[in-house]
Amino acid sequence: MSKIGIWLINKDLRIENNILLRALNDCDLVLPVFIWDEKLRRSSSNSRIASFYHEALNNLSEELNHFNAEILIKSGDSEVILDYLKSKYNVHSIYTQFDVDPAHREFVKNITKKFEVKLLNTAYLSDLNKTLKDDGTPYLTFSSFSRAWFRNEFDIQYENAPTKSNFLVSGEMNDFSPPLNNTPFKANKLFGNKRLSNYIGNNLLNYNKFRNRMDLDGTSMLSAYFNSGIVDIKGSYILAINLGLDNPGVKSWINELLWREFNAYIMFHFPEIIHSSFNNKLSSYPWEENEDYLNRWKQGLTGFSCVDACMRQLLDIGWMHNRGRMIVASFLTKDLFINWKEGEKWFMENLVDAETASNIGGWQWTAGSGVDAAPYFRIFNPITQGEKFDPNGTYIRKWVPELRDVETKFIHDPSIDNGIYQYPKPIVSHNDSRKKALYIFNSLRN
Ligand SMILES: Cc1cc2nc3c(=O)[nH]c(=O)nc-3n(C[C@H](O)[C@H](O)[C@H](O)COP(=O)(O)OP(=O)(O)OC[C@H]3O[C@@H](n4cnc5c(N)ncnc54)[C@H](O)[C@@H]3O)c2cc1C
């Protein structure tokens, strides 16, 4: 009897150098399946990332046509769909990508009772269980993790992984139809790989100088491609390293790839952080509920021009600069006192690069509750952050068009200008919020 295996596509939307496809050469027939399961993805099928995936899957399916194959694309409960496929096609095994998301790990545990499951790590640079302290426990600071990582894992090998599989075409109907991807991030490998080579060729060596400037194209904007696997993270790491780690731009970019790795590492070792603050002292932080403030934050109508520019960039293109993510996360948690989980949820729906480990990591870092988090007294001032990282207000003018004609000396704090704009006054006083946040943090520490 033929051995039928499912390639259960997760966040590995590519054929080239996908070691799962090489492993699937063990099967007589391969059925490529993708399931948008909201429980596992933590983003709805109307989210930005669902649209991005839908476009990417259609492109990947077209590529697979050259192998006389196509992807069965479904939405719903993964276990129910897999049970159905097992009974109909006599599926023997499932080959899928290792994922640190706790819900995904639980799912893998469950399907292992019914199928032979082969799990491979294609999402991260390294084995997350390898970089440990001498006593076998995980590192809790990024700096100690990255030092140890460079000692043990630095030399990553590129794995050539051709597919020779024979594919099974099921004839089942696809049923995943999110809205069209309307972001500038085209979900195909040509676009992603071109962006990578342009970035490495033209900008990488200056990454350290411009990475924090919101008004410049200083960063790669590759996160959605890495997180979906359209662009291979290992291959990209090797391309960058080959330019020489002694170059400050390369070193700084690799450092950010390692932050991605560190977030995954922490989620792997401490899965509970998905629901709760890593820092227990902050678990009783007196979060406030304020629908009006939350909505103004979401829509970019807080009256803080830098915060509003960032939030409108997110609404418009499904992506936000890392500096902006820190500013708006600090603003939500330390100026508006709204629980970081609300912001995390909004990001999962609206970011084209939404990814659980980095999103939870970023939110908990900024809120001050995460592993190796920003110190509690680090409260971003939304006005001075704008002055520093968007000095001429170019970024603000781009995303908040009603401030286009404001003079540069007023652009970061339009409330002090006497001009008449259709733009809200600040919804809170940053100075008052800052004092209140420090008071709360101090009382929780004692
Ligand atoms: C509150 C908050 C939420 C975030 N949510 C996400 C998320 O859902 N998905 C996501 O991929 N990143 C998230 N980040 C991390 C970071 O903002 C993005 O990865 C980065 O902005 C992507 O832009 P880029 O591709 O131009 O990055 P570059 O600056 O070019 O960096 C290269 C790559 O390194 C990784 N990287 C860069 N900065 C970080 C970082 N601080 N943490 C982890 N990885 C990093 C990304 O994979 C990125 O593509 C979040 C950060 C914060 C503060």
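Full extension of the chain between ASP175 and ASP28 yields a length gain of 50.3 nm, computed as 0.36 nm times the residue separation minus the alpha carbon distance. Counting only Cβ charges, +1 for Lys and Arg and -1 for Asp and Glu, the dipole size of region 280-445 around its Cα centre is about 480 debye.
Excluding ligands, DNA and RNA, the accessible surface per residue across region 280-445 is 42 Å² with a 1.4 Å probe. Relative to its Kirkwood radius, the Cα radius of gyration of region 228-341 gives an Rg/Rh of 1.05.
Alpha-carbon geometry of region 312-355: the Rg and the Dmax are 10.0, 27 Å, given in that order.
When the charge dipole of the chain is built from unit charges on Cβ atoms (+1 for Lys and Arg, -1 for Asp and Glu) and taken about the Cα centre, the candidate among LEU180, ILE379, TRP319 whose Cα reaches farthest toward its positive end is ILE379.
From the Kirkwood radius over Cα pairs of region 280-445, Stokes-Einstein at 20 °C and 1.002 mPa s returns a whole-number translational diffusion coefficient of 134 µm²/s. Classify region 121-252 from the C-alpha gyration tensor, please: rounded if a/c falls under 1.5, else prolate or oblate depending on whether a/b exceeds b/c. Oblate shape, in that a/c is at least 1.5 and b/c is the bigger or equal ratio. Size check on region 1-40: the Cα extents along the three principal axes, sorted descending, read 34, 25, 10 Å.
Across the accessible surface of the chain, with the other protein chains kept in place and a 1.4 Å probe, carbon and sulfur atoms take up 50 percent. Cross-link pairs exceeding 21 Å between alpha carbons, from the set LYS334/LYS398; LYS118/LYS186; LYS3/LYS88: LYS334/LYS398; LYS118/LYS186. Compactness check for the chain: Cα Rg over 2.2 N^0.38 Å is 1.02. Whole Å is fine, so just give me how far the alpha carbon centre of region 148-227 lies from that of region 106-139. Cα centres, region 148-227 to region 106-139: 22 Å. Only Lys, Arg, Asp and Glu carry charge here, each on its Cβ (+1 for the first two, -1 for the last two); on that basis the chain has a dipole of about 700 debye about its Cα centre.
Using alpha carbon centroids, what distance separates region 341-392 and region 46-65, in Å? Value for the Cα centre distance between the two parts: 28 Å.
For the set TYR293, TYR285, the ranking by accessible area, highest first and with no ligand, DNA or RNA atoms included, is TYR293, TYR285 under a 1.4 Å probe. Compactness of region 4-122 was expressed as the Cα radius of gyration divided by 2.2 N^0.38 Å, which yields 0.99. Its DSSP H runs of at least 4 residues, each contributing -39,500 (n - 2.57), put the calculated 222 nm mean residue ellipticity of the chain at -13500 deg cm²/dmol, to the nearest 500.
The values are calculated or read from the model by the stated rules, or taken from the named source; none is laboratory data. These numbers come from a predicted model, not from an experiment. Note: ideal-geometry Cβ built from the backbone for every residue, glycine included; neighbour counts use all protein chains shown. The accessibility values were calculated without ligands, DNA or RNA, using every heavy atom of the protein model including side chains. Shrake-Rupley method; radii C 1.70, N 1.55, O 1.52, S 1.80 Å.
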